[in-house]
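K.L.:
Here you go, one structure.
The values are calculated or read from the model by the stated rules, or taken from the named source; none is laboratory data. No experiment lies behind these values; they were computed from the predicted model shown. No Cβ is skipped: glycine too gets one built from the backbone with ideal geometry, and neighbour counts run over all protein chains shown.
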């Protein structure tokens with residue numbers, strides 16, 4: 001059980017933060033289909049930061065700080081990268097889906113290009129293994145699921161998630177941002193700068209997605225940047241729709257998917273009640289079944305939830321001050 | 001005149017009788033002068049109507065007042081002092097607020113959130129809704145604006161949405177309140193309530209600018225009225241000293257008759273018979289049109305009245321074949337056409353003046369002559385072996401243009417998109433009237449047209465009736481419903497809820513049916529949201 005919770009969190013955390021990234025862009029009125037691309041770019045910059053720090057032997061004795069610095073670099077990179085989307089969607093009033101797709105194509109290309117220049121191979125591997133896991137073997141059994149074999153990113157993401165949810169619902173900027181995604185003309189008529197709010201939403205979105213990208217490769221893919229995040233950005237988009245563009249919904253959606261994904265990855269030695277029997281393995285189902293389940297469930301849930309969920313009304317429509 | 005104004009400007013704030021003045025405003029756009037030396041002076045505490053047809057320059061003038069356009073000439077004064085307004089925020093800072101024709105409300109927000117949006121009371125960014133709520137409740141009591149601050153906007157009535165808009169202005173302590181065509185979306189009862197609210201606001205010292213083209217409302221509520229015509233300022237009159245006729249003369253530039261000339265109807269054979277027709281709604285839950293049965297005879301005008309969005313659009317789409325009927329039948333001249341194509345209906349006696357002339361009436365990027373033969377190009381007269389006989393088309397179009405007085409830049413080869421709305425509508429009317437038909441379905445035939453064009457189209461519809469056509473009119477305009485129809489059927493939530501005789505009924509009675517408060521002669525108890 002402890003193992004299951006620990007592993008589920010590993011998968012849940014990047015999805016949760018990236019789905020929240022989607023919420024911030026779309027609630028301000030910008031469709032951010034580029035989440036995947038931004039994750040890729042952020043993950044590369046984070047990995048590159050660690051690569052340089054390890055090479056220069058910096059912070060060798062404080063890997064947690066190194067991780068946090070890498071996350072911040074990834075977030076900054078994501079924010080900057082997302083400006084391309086904001087600029088095309090807000091200033092140039094381009095189609096946001098096409099703009100986002102362009103970013104999705106651009107990100108792996110840039111990443112691989114730089115990776116090849118830096119490391120002369122298709123991937124950027126770390127000089128040293130990443131020692132990011134926090135182990136607390138002496139802690140009480142009841143606390144183990146949440147405090148043993150954990151990543152600092154888990155706590156950071158949960159804290160960020162709560163802070164940003166409060167920002168969205170309890171502050172005046174949150175109220176204004178949501179108004180811009182629903183009825184920008186109304187927001188404009190009361191003196192809110194729609195362009196600025198949309199930049200704000202998309203930039204926060206870019207930062208979160210970039211950070212999520214690095215968290216994904218640091219905690220799941222051993223820190224290696226190779227121009228892909230295995231479609232996690234698109235999964236996060238699906239979870240955002242499943243969660244109805246609301247933080248509570250996406251937290252639940254990420255947990256559900258994280259659990260299924262964790263079962264898929266670990267079913268062979270998953271011993272839930274600690275009796276020494278791996279129940280799922282005993283069933284004798286092929287490995288493909290467990291690998292497919294998370295995606296099938298997401299498809300099914302989406303098919304049923306999509307009808308009820310309600311996208312921000314003005315998302316995807318460029319706002320033009322002149323048109324009234 | 002200008003000397004007097006200059007003198008006033010020197011006086012102190014409270015001595016100027018005008019709270020806002022726009023003097024000598026001229027605004028040009030390429031090709032047209034939208035505002036030509038217009039002067040508008042609003043007194044403190046008065047209700048001032050701004051009257052003009054579509055395209056008279058009312059919106060441009062208001063955009064200048066809100067800083068959306070900068071005028072080439074002229075100045076704006078607040079309490080006698082010249083001010084510059086560069087954007088809506090400047091206007092807001094001067095206490096100018098506006099209830100837009102299309103409400104600027106966020107559906108999924110509460111009434112309270114909508115009111116405070118942009119001027120949120122907060123501590124370090126965190127919303128302080130409690131004090132805002134108290135203030136809103138207090139304001140709504142003072143001015144008799146009943147709203148539920150915690151209801152979502154999408155769940156409240158249009159009337160309450162409008163009250164929310166008014167509260168938005170009051171919450172911002174606006175002194176100058178502009179109402180842009182506020183009655184277009186309301187039932188007669190709601191209009192009466194709004195008028196009472198406007199009077200109350202004026203009594204409390206607010207100055208109101210009331211933009212409209214409805215003369216009855218001006219006569220009922222305004223103190224003074226300024227009239228614009230074709231971008232020019234015609235004059236300002238005291239309502240107490242004027243008449244409806246004089247106002248309309250000022251607005252149009254000639255005398256206009258308000259009553260449609262028509263004789264008694266002489267109903268003959270049944271042309272259209274609809275039996276228990278239902279059409280599914282777009283959201284799947286409720287039928288958009290539910291169990292509607294009606295008959296239209298030759299030589300009568302039957303009108304479907306109702307507030308926008310009560311199933312009229314779906315009803316007409318089903319009738320004309322644009323969408324499929326789910327159950328029930330449509331008989332045209334005794335023949336069941338429920339499953340027939342649009343072309344079959346068109347060539348078997350149905351003419352249709354559609355609600356949305358851009359979407360369903362014209363191909364905007366086609367020329368006028370091509371649009372004129374849209375439903376007939378396949379007739380032998382207009383084609384030979386699959387090739388269109390353009391000479392015949394040209395001749396035919398020229399005839400229609402002449403007979404129906406359709407005005408355009410280059411005659412038959414004018415691009416439809418470049419024509420004015422009134423002439424686009426005339427072109428459609430010409431096409432539909434000229435085709436052989438026994439049934440004319442006219443949906444909002446005068447929407448957005450000026451008084452002259454309305455008069456013309458009404459005359460055409462009546463003369464068509466007198467020739468023995470069965471006319472089914474769908475209209476949201478109460479004046480049109482009352483003056484044009486021989487029988488009124490009221491549609492509410494997709495059902496016919498009553499049949500009225502325009503000669504014996506009143507607008508108030510009609511309003512009760514339209515808002516669902518009455519059904520087939522009985523009152524309906526209903527909790528308003």
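K.L.:
Output the number of the condition that residue B:124 fails; it satisfies all remaining conditions of (1) touching a helix residue (DSSP H, G or I) at 6+ places or on another chain (Cβ under 7 Å); (2) surrounded by fewer than 22 Cβ atoms within 10 Å (Cβ to Cβ); (3) farther than 30 Å from residue B:79 by Cβ.
P.N.:
The number of the failed condition is (1).
K.L.:
Which residues, counting only those in the range A:157-172, are within 8 Å of chain B (Cβ to nearest Cβ) and buried (at least 16 other Cβ atoms within 10 Å of the Cβ)? Don't jump to the end; show me each part of the working.
P.N.:
So the first thing to find is which residues in the range A:157-172 are within 8 Å of chain B (Cβ to nearest Cβ), and the list is A:170-172.
Matches in the range A:157-172: A:171, A:172.
K.L.:
Okay, next question. Only one of these conditions is not met by residue A:314: (1) surrounded by 11 or more Cβ atoms within 10 Å (Cβ to Cβ); (2) without any contact (Cβ under 8 Å) to a residue 24 or more places away in the chain; (3) within 14 Å of chain B (Cβ to nearest Cβ). Which number is it?
P.N.:
(2)
K.L.:
Got at least one residue in the range B:170-184 being part of a helix (DSSP H, G or I) and without any contact (Cβ under 8 Å) to a residue 24 or more places away in the chain?
P.N.:
Just the residues of the range B:170-184 that are part of a helix (DSSP H, G or I), to begin with: B:170-171.
Filter once more, keeping what is without any contact (Cβ under 8 Å) to a residue 24 or more places away in the chain: none.
No; the residues of the range B:170-184 include none that is part of a helix (DSSP H, G or I) and without any contact (Cβ under 8 Å) to a residue 24 or more places away in the chain.
K.L.:
Here's something else I'd like to know. Limited to the range A:288-315, what total is found for residues that are at pLDDT below 85, more than 22 Å from the chain's Cα centre (by Cα) and closer than 16 Å to residue A:246 by Cα?
P.N.:
Total meeting the criteria: 2.
K.L.:
I want to confirm something. Restricting to the range B:105-119 and keeping residues that are facing chain A (nearest Cβ under 8 Å) and surrounded by fewer than 21 Cβ atoms within 10 Å (Cβ to Cβ), which single residue is farthest from the chain's Cα centre (by Cα)?
P.N.:
My answer is B:119.
K.L.:
Further question on the same structure: So if I check each of A:82, A:88, which one is free of Cβ contacts under 8 Å to residues at least 24 places away in the same chain and part of a helix (DSSP H, G or I)?
P.N.:
Going through A:82, A:88 in turn, just one is free of Cβ contacts under 8 Å to residues at least 24 places away in the same chain and part of a helix (DSSP H, G or I): A:88.
K.L.:
Filter the range B:94-104 for residues that are facing chain A (nearest Cβ under 10 Å) and part of a loop (DSSP other than H, G, I, E, B) and give the result.
P.N.:
Result: B:100, B:102, B:103, B:104.
K.L.:
Kindly provide the set of residues from the range A:176-224 that are without any contact (Cβ under 8 Å) to a residue 40 or more places away in the chain and within 14 Å of chain B (Cβ to nearest Cβ), ordered by number.
P.N.:
Within the range A:176-224, A:176, A:179, A:186, A:187, A:189, A:190, A:191, A:192, A:193, A:196 qualify.
K.L.:
Find the strands (runs of 3 or more DSSP E) located wholly in the range B:207-320 whose residues include 3 or more that are not assigned by TED's automatic domain parsing to the domain that holds residue B:33, and list them.
P.N.:
Details: elements: B:207-212, B:224-229, B:232-238, B:270-280, B:287-297, B:301-305.
Hits in the range B:207-320: B:270-280, B:287-297, B:301-305.
K.L.:
Any residue that is farther than 23 Å from residue A:163 by Cα and part of a loop (DSSP other than H, G, I, E, B) - is there at least one of those in the range A:233-254?
P.N.:
no
Table: residues versus (1) modelled with pLDDT of 90 or more; (2) under 19 Å from residue B:309 (Cα atoms); (3) in contact with a strand residue (DSSP E or B) (Cβ under 9 Å, 6 or more places away or on another chain).
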| residue | (1), (2), (3) |
| --- | --- |
| B:491 | yes, yes, yes |
| B:497 | yes, yes, yes |
| B:510 | no, yes, yes |
| B:514 | no, yes, yes |
| B:520 | no, no, yes |
| B:524 | no, no, yes |
| B:527 | no, no, no |
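K.L.:
Run residue A:21 past the list (1) in a loop (DSSP other than H, G, I, E, B); (2) modelled with pLDDT of 95 or more and report the number of the one that doesn't hold.
P.N.:
The number of the failed condition is (1).
K.L.:
I would also like to ask the following. Within the range A:125-135, can one find any residue that is away from chain B (no Cβ under 14 Å) and under 14 Å from residue A:226 (Cβ atoms)?
P.N.:
First pass over the range A:125-135, keeping only residues away from chain B (no Cβ under 14 Å): A:125-135.
Pick out the ones that are also under 14 Å from residue A:226 (Cβ atoms) and you get A:125-126.
Within the range A:125-135, one or more residues are away from chain B (no Cβ under 14 Å) and under 14 Å from residue A:226 (Cβ atoms).
K.L.:
Output the number of residues of the range B:461-478 satisfying the condition of being surrounded by fewer than 20 Cβ atoms within 10 Å (Cβ to Cβ), part of a helix (DSSP H, G or I) and free of Cβ contacts under 8 Å to residues at least 60 places away in the same chain.
P.N.:
1
K.L.:
Here's a follow-up. For residue A:308, all conditions in the list (1) within 14 Å of another protein chain (Cβ to nearest Cβ); (2) in contact with a strand residue (DSSP E or B) (Cβ under 9 Å, 6 or more places away or on another chain) hold save one; what is the number of the exception?
P.N.:
Answer for residue A:308: the failing condition is (2).
K.L.:
Please work out which residue is farthest from the other protein chains (Cβ to nearest Cβ), limiting yourself to the range B:53-69 and to residues that are touching a residue at least 24 places away in the same chain (Cβ under 8 Å) and outside any helix (DSSP H, G or I).
P.N.:
B:53
K.L.:
Let me ask you something else. For the range B:161-174, name all the residues that are surrounded by fewer than 20 Cβ atoms within 10 Å (Cβ to Cβ) and away from every other protein chain (no Cβ under 12 Å).
P.N.:
B:173, the sole residue that qualifies.
K.L.:
Check the range B:329-337 and report whether any residue there is surrounded by fewer than 16 Cβ atoms within 10 Å (Cβ to Cβ), outside any loop (DSSP other than H, G, I, E, B) and touching a residue at least 40 places away in the same chain (Cβ under 8 Å).
P.N.:
In the first step, residues of the range B:329-337 are kept if they are surrounded by fewer than 16 Cβ atoms within 10 Å (Cβ to Cβ); the result is B:329, B:334-336.
The next check asks that each one be outside any loop (DSSP other than H, G, I, E, B); those that pass are B:329, B:335-336.
Going one step further and asking which of them are touching a residue at least 40 places away in the same chain (Cβ under 8 Å), we end up with B:329.
Yes, the conditions are met somewhere in the range B:329-337.
K.L.:
Follow-up. Whether any residue in the range B:141-153 is within 14 Å of another protein chain (Cβ to nearest Cβ) and modelled with pLDDT under 95 is what I want to check.
P.N.:
Yes, because at least one residue in the range B:141-153 is within 14 Å of another protein chain (Cβ to nearest Cβ) and modelled with pLDDT under 95.
K.L.:
In addition: Quick one: how many residues across the range B:120-140 are away from chain A (no Cβ under 11 Å) and in a loop (DSSP other than H, G, I, E, B)?
P.N.:
Residues that pass the stated criteria total 0.
K.L.:
Counting just the residues of the range B:75-93 that are buried (at least 20 other Cβ atoms within 10 Å of the Cβ) and assigned to a loop (DSSP other than H, G, I, E, B), which one comes out farthest from the other protein chains (Cβ to nearest Cβ)?
P.N.:
Restricting to residues being buried (at least 20 other Cβ atoms within 10 Å of the Cβ) and assigned to a loop (DSSP other than H, G, I, E, B), the top hit is B:80.
K.L.:
A further question on this structure: For residues that are crowded, with 24+ Cβ neighbours inside 10 Å and closer than 30 Å to residue B:97 by Cα, tally how many sit in the range A:199-228.
P.N.:
The total comes to 1.
K.L.:
So residue B:287 fits all but one of (1) more than 15 Å from residue B:471 (Cβ to Cβ); (2) free of Cβ contacts under 8 Å to residues at least 60 places away in the same chain; what number is the exception?
P.N.:
(2)
K.L.:
Could you say whether any residue in the range B:125-145 is touching a residue at least 60 places away in the same chain (Cβ under 8 Å) and either touching a strand residue (DSSP E or B) at 6+ places or on another chain (Cβ under 7 Å) or not assigned by TED's automatic domain parsing to the domain that holds residue B:21 (or both)?
P.N.:
Checked against the condition, which is being touching a residue at least 60 places away in the same chain (Cβ under 8 Å) and either touching a strand residue (DSSP E or B) at 6+ places or on another chain (Cβ under 7 Å) or not assigned by TED's automatic domain parsing to the domain that holds residue B:21 (or both), the range B:125-145 yields at least one hit.
K.L.:
How many of the residues in the range B:51-74 are surrounded by 21 or more Cβ atoms within 10 Å (Cβ to Cβ) and out of contact with any helix residue (DSSP H, G or I) (no Cβ under 8 Å at 6 or more places or on another chain)?
P.N.:
Of the residues in that region, 6 qualify.
K.L.:
Right, another one. Of (1) in contact with a strand residue (DSSP E or B) (Cβ under 8 Å, 6 or more places away or on another chain); (2) in a helix (DSSP H, G or I), residue B:150 satisfies all except one. Which?
P.N.:
The number of the failed condition is (2).
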